[in-house]
Amino acid sequence: MDTDLDAYCREHQQRFVAELIEACRIPSISADPAHAVDVARSAAHIAAAARDAGFTTVDILETGGHPAVFAERVVDADLPTALIYGHHDVQPADPLELWESPPFEPEVRDGILYARGAVDDKGQVWMHLKAVEAHLRTRGELPLNVRMIIEGEEESGSAHFDALVEREADRLRADVAVVSDTEIFAKGVPSLCTGLRGLAAIDVDVTGPARDLHSGLFGGAVVNPATALARIIASLHDDDGRVTVPGFYDAVNPPSAEDRAGFAALPFDEATFLVAAGGAPATAGEAGWTTLERLWVRPTLEVNGIWGGYSGPGSKTIVPAHAHAKITCRLVPGQMPGAVAHQVATAIRGAAPPGVHVTTTVNAGGRPVITPSDHPAVRAAARAMEHGFGRAPVLTRSGGSIPAVESFARLLGMTTIMVGCGLPDDNIHAPNEHFDLDQYARGVRVIARLWDELAVSRGIMHDQ
Ligand code: BES
Ligand code: MN
Ligand code: MN
């Protein structure tokens, strides 16, 4: 059944898409210092869009890194307050040659918008901006107070976010935080995400000779750094897919029997999963756990990149002077990023053969988080999802990480509901990232409805 808000959203959907396309033209890649100006430009663009949508206070918040955007519209202190969180930075776009249209020249094909950031997270930030606009243009006012913080460093580990939350605590505090930066379980199967994994990141550098050597004159008589690195990495898992790092699983809180039964009851389809996984030939992982358990409640160790030596055409007969790898671990409740990074770094250095030097560097990580699924805001979100998708959502977790969600819980004691509308095969962080425009349209309607549902939910406000 269409409400006044739904009608407004339908009428303006084309412009909503056009605006999102403009936002996606900005290459706000937070990981690459060469794009710092673009991240700043992206913050200014979000700030302007927040003003246009009807937020009253709008500020650019400088951090030790890239800027965030704060905005609010306070209606009445007696009404509940929601804090919207999202991020305006994006992942690097390479390898560029695999994109069917350039990553920062958005293109709609068959009702799908292709661009870096289309769904992660600009499209989902736009769902929120347009939901606020829909309320204000149809009814003149919001049914609750809304604050918003859109971060510029999520994709590079949210290194300055805790400090920002501490500094701006008074302006960020709300009865509930709302994050749209996750995906639904499957097309036609709406879901609410109730847990995220954390992250620990370690770089490895292996050095041997001071320069590349002739492999005929020196190979076989000195340790090859690339071979040493390959052996070290291979030693980090056993044949059952378990991580061999001493103590790695010690702090892990095992899932409850109820959690496992809940996951097993979800309509998981392995073939569909493998398609979303880029046509991977088979699932694999830690023995004794299902695919969803491996993704949601078990920690992992992944090599994100490995390089060294010659990789150009033909052959070049050398012993490379050095070799490198980037490793990240996904963490589950109980595990702490600093402790795990230390365990992994120690194991890596301990596995170094004599004849090379191995150094490790720890990068920014994030802690895992579980959100309470019995919070009244979760029920409000479930009603809003049902309104937008015609079907009540299932409860899921995700294997991904959003450090801010854990920061809100730890630093502000604030519950977050995760109302994301991406799809599992949107290619986030990969070439040809895209946002299904039907999901986008439904997402705006879900969020618009969410403000109505939260406004009338009993027990949302802290002091009730
Ligand atoms: N939006 C993603 C995380 C996500 C995606 C959660 C899909 C659930 C479903 C977020 O932008 C992301 O990519 N986070 C990084 C965080 C890291 C850099 C600390 C991640 O998970 O790798
Ligand atoms: Mn994201
Ligand atoms: Mn991301």
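Every number in this text was worked out from the coordinates using simple rules, so none of it is lab data. Quantities reported herein were computed from a predicted structural model and do not represent experimental measurements. In this analysis, Cβ positions are derived from the backbone assuming ideal geometry, glycine residues included, and neighbour counts consider all displayed protein chains.
Here is how the numbers come out for the structure above:
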quantity	calculated
Relative counts (whole %) of C-alpha pair distances in segment 122-169, using bins that are 5 Å wide	5, 16, 21, 18, 17, 13, 9, 3
Dipole moment magnitude, nearest 20 debye, the chain about Cα centre, only Lys, Arg, Asp, Glu C-beta charged	600 debye
Prolate/oblate/rounded call for segment 181-291, Cα gyration tensor, a/c under 1.5 rounded	prolate
Length gained when the stretch VAL74-TRP289 is fully extended (0.36 nm per residue, less Cα-Cα span)	72.7 nm
Packing rank of 244-256, 136-148, where each peptide gets the mean count of other beta carbons within 10 Å, highest leading	136-148, 244-256
Sum of side-chain charges, GLY140 neighbourhood, beta-carbon under 15 Å (Lys, Arg +1; Asp, Glu -1)	-2
Cβ crowding within 10 Å averaged over residues, with 397-408, 1-12 ranked highest first	397-408, 1-12
Degrees, to the nearest 10: 4-24 long Cα axis against longest axis of the chain	30 degrees
Over segment 339-464: Rg over Rh, Cα atoms, Kirkwood Rh	1.13
Rounded Å value of the spacing that divides the Cα centres of segment 322-340 and segment 237-267	16 Å
Kirkwood hydrodynamic radius (C-alpha pairs) into Stokes-Einstein, segment 44-105, 20 °C and 1.002 mPa s, D in µm²/s	148 µm²/s
Pair VAL222, THR359: separation of 7 Å Cα→Cβ label points (nm)	1.8 nm
q = 0.10, 0.14, 0.18 Å⁻¹, segment 43-199: log10 I(q)/I(0) [Debye, one scatterer per Cα]	-0.40, -0.79, -1.25
Sum of side-chain charges, VAL243 neighbourhood, beta-carbon under 13 Å (Lys, Arg +1; Asp, Glu -1)	-2
Percent of C-alpha pairs per 10 Å bin, segment 252-360, short to long	11, 29, 29, 22, 8, 2
Simple Cβ-charge dipole of segment 315-464, Lys/Arg +1 and Asp/Glu -1, about Cα centre, in debye nearest 20	400 debye
Gyration tensor verdict on segment 309-387 (Cα atoms; rounded if a/c is under 1.5, prolate if a/b is larger than b/c, oblate otherwise)	oblate
Directionally averaged shadow of the chain, computed from the convex hull of its alpha-carbon atoms, nm²	23.1 nm²
Helix axis angle, 122-139 relative to the chain longest principal axis, alpha carbon, degrees	10 degrees
Modelled label reach - ALA230, point 7 Å along Cα→Cβ, segment 324-352 residues with backbone N closer than 14 Å	324
Tensor-based shape of segment 391-453 (alpha-carbon gyration tensor, a/c under 1.5 rounded, otherwise prolate or oblate)	oblate
Set of lysines with alpha-carbon distance to LYS122 below 22 Å, sequence-local pairs under 8 removed	LYS130, LYS187
Those aspartates and glutamates that a straight Cα-Cα span of less than 15 Å connects to LYS316, excepting residues fewer than 8 apart in one chain	ASP212
Rounded tilt (10° steps) of 225-234 against the dominant C-alpha axis of the chain	60 degrees
Neighbour-limited loop hits for GluC sites (Glu not before Pro), segment 43-115 (at most 16 other Cβ within 10 Å; DSSP other than H, G, I, E, B)	GLU62, GLU100
Protection proxy ranking of 308-319, 414-425 - average other beta-carbon atoms within 10 Å, highest first	414-425, 308-319
Debye, to nearest 20: dipole size of segment 182-250, +1 on Lys, Arg Cβ, -1 on Asp, Glu Cβ	140 debye
